[in-house]
1. Could you please let me know if I169 is open to solvent by less than 20 Å² (accessible area, probe 1.4 Å), more than 24 Å from the chain's Cα centre (by Cα) and among the aliphatic types (A, V, I, L, M)?
2. Within region 47-98, count every residue that is touching a strand residue (DSSP E or B) at 6+ places or on another chain (Cβ under 6 Å) and within 30 Å of L312 (Cα to Cα).
3. Here are the criteria: (1) more than 16 Å from the ligand (Cβ to nearest atom); (2) within 24 Å of I413 (Cβ to Cβ). Tell me which single one V371 does not satisfy.
4. Could you please find all residues in region 189-201 being open to solvent by less than 40 Å² (accessible area, probe 1.4 Å) and in contact (Cβ under 8 Å) with a residue 40 or more places away in the chain?
5. Assess whether G321 counts as being within 10 Å of T120 (Cβ to Cβ), more than 16 Å from the ligand (Cβ to nearest atom) and either in contact with a strand residue (DSSP E or B) (Cβ under 9 Å, 6 or more places away or on another chain) or among the hydroxyl-bearing types (S, T, Y) (or both).
6. Contact list please: Cβ distance under 7 Å, first residue in region 360-376 and basic (K, R), second residue surrounded by 18 or more Cβ atoms within 10 Å (Cβ to Cβ) and assigned to a strand (DSSP E or B), pairs at least six apart or on different chains.
7. Looking at region 385-420 only, could you name the residues that are under 22 Å from the mean Cα position of the chain (by Cα), open to solvent by 10 Å² or more (accessible area, probe 1.4 Å) and among the small types (G, A, S)?
8. Working only within region 379-434, note down all residues that are within 30 Å of Q338 (Cα to Cα) and of a type in the set (K, R).
Amino acid sequence: MTTSTSTAQELDHELSALDTASIIHPHTVIGSPSNPVVFVKGEGARLWDAAGNEYIDGTCGLWQCPVGHGRRELAEVAYNQMSTLEFYSSFGDYSNEPSIRLAQKLLDIAPASIEKVFFTNGGSEGNETAVKLARLAWHHAGQPDRTVILARTGGYHGMGGASLAATGIDRLRAGYGPLIPGIEWLSKPHGLAHGENATDILIDELEDRIAEIGADRIAAFIGEPILGVGGMVPPPEGYWPRVQEVLRKHGILFIADEIVTAFGRTGEWFASTYYGVEPDIIVTAKGISSGYLPMGAVLIGRRVLDIADGALFLHGFTYNGHPVASAVALKNIEIIEQEGLMARGLGIGRRLLEGLKPLEQLPIVAEVRGVGTLIGIEFATGDTASVQAGARANGVIVRASGNTIVMSPPLVISEADVDRIIAVVTEQVEAAGA
Ligand code: PLP
């Protein structure tokens, strides 16, 4: 026992030292690496690190794993596909069966307006694709001045050229300029900030901005149905149908970034369905494959196809429609379906939200909110980073995103683990407010 514990700790120290000596991690200070938690195993909503510590995954990593960790069925599908055809390019007139089957499945579950699929390897690539496609479509249709992308403060769309330019979080943009031009800004759609008439205020602003810029210069609007990195912010009541109405009136394409919200988080396959809208383009990633392999898909609606009809789309990534990732994604979607995980997630989310709601009594907490399994605790004052660190030290992983603690557990998490998240987070938030 003593030997195995010390061996685990030795391995943990060794890996940690090698990591800090060799890897630059996303979102860290260059030259100042911190000792990482080195995960070695995952199962369901549980994770284990190299030192043998156990954690409840309250965030699903970076929102990517609705079906939970360590599922053999997905490993078997990957093994079988890799043994048959590991990869071949999908450029031009090459294709493969898993990506064809996955596309069919996506079209079955997507809102009715969606008719085609363009595959990617992740979220940022998806948003790059959406922006390029929207601009190309108008260019092709003889409206080359229609290039502006309307984006929202607080929105997060990724780390590429267009996807970062459309990200409305200052600290993520700083130092990388000049970013691509042609992005125009709308306010963060946050009910707390805008008060009772939030939707009217935001829709008036949208109309005003379109009038100022000129609809004939605007290619598309991009938005996350529920802001993720921006603090798990659901929109105010009635916001999305009214946004859609304004965009349609002015002929502006509607891009929904559903990289976080799709594949069951709201109890529907897509948050667009939850909010009753039919975007022209829906960008997905993460939950499409539960992160077992990198994968994303841009779902494209009839209107875009009509405008872009006949345009040569010189765009693509080497691993578009990767057969192994596609086979895994298809199986992942089948698991969500067969195990009834979307309905299960609704129950889990309700339990988590109700369990954390009493924290609103604390002066440091501005709001506890959520839709489905996307839950946030916004701080009015105080330090969210200490809650993230304190919870982790107590075996629960949650994420401090700005002034909000965000949670989005796997849809397979047990009720006992949800209750443990509630207990640990409550303790940490109380301590932060003491
Ligand atoms: N869009 C949203 C809403 C996201 O949350 C993310 C990542 O968290 C992205 C885009 C970027 O996705 P990726 O990191 O896979 O490039």
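The values are calculated or read from the model by the stated rules, or taken from the named source; none is laboratory data. Not measured: the values here are computed from a predicted model. With ideal geometry, Cβ positions are generated from the backbone for all residues, glycine too; neighbour counts draw on all protein chains shown. Surface areas here come from the heavy atoms of the whole protein model, side chains and all, with no ligands, DNA or RNA. Shrake-Rupley method; radii C 1.70, N 1.55, O 1.52, S 1.80 Å.
1. Details: open to solvent by less than 20 Å² (accessible area, probe 1.4 Å): yes; more than 24 Å from the chain's Cα centre (by Cα): no; among the aliphatic types (A, V, I, L, M): yes.
The answer is no for I169.
2. Here is the first cut: in region 47-98, the residues touching a strand residue (DSSP E or B) at 6+ places or on another chain (Cβ under 6 Å) are 47-50, 54-59, 68-70.
Then drop every residue that is not within 30 Å of L312 (Cα to Cα), which leaves none.
Qualifying residue count for the region: 0.
3. With respect to (1) more than 16 Å from the ligand (Cβ to nearest atom); (2) within 24 Å of I413 (Cβ to Cβ), V371 is out only on (1).
4. The first filter runs over region 189-201 and keeps only residues open to solvent by less than 40 Å² (accessible area, probe 1.4 Å), leaving 189-191, 195, 198-199.
If the condition is that a residue be open to solvent by less than 40 Å² (accessible area, probe 1.4 Å) and in contact (Cβ under 8 Å) with a residue 40 or more places away in the chain, then P189, H190, G191, A198, T199 are the ones that fit.
5. Numbers: within 10 Å of T120 (Cβ to Cβ): yes; more than 16 Å from the ligand (Cβ to nearest atom): yes; either in contact with a strand residue (DSSP E or B) (Cβ under 9 Å, 6 or more places away or on another chain) or among the hydroxyl-bearing types (S, T, Y) (or both): yes.
Against the criterion (within 10 Å of T120 (Cβ to Cβ), more than 16 Å from the ligand (Cβ to nearest atom) and either in contact with a strand residue (DSSP E or B) (Cβ under 9 Å, 6 or more places away or on another chain) or among the hydroxyl-bearing types (S, T, Y) (or both)), G321 qualifies.
6. R369/G376
7. Passing the criteria: A385, A400, G402.
8. The answer is R399, R420.
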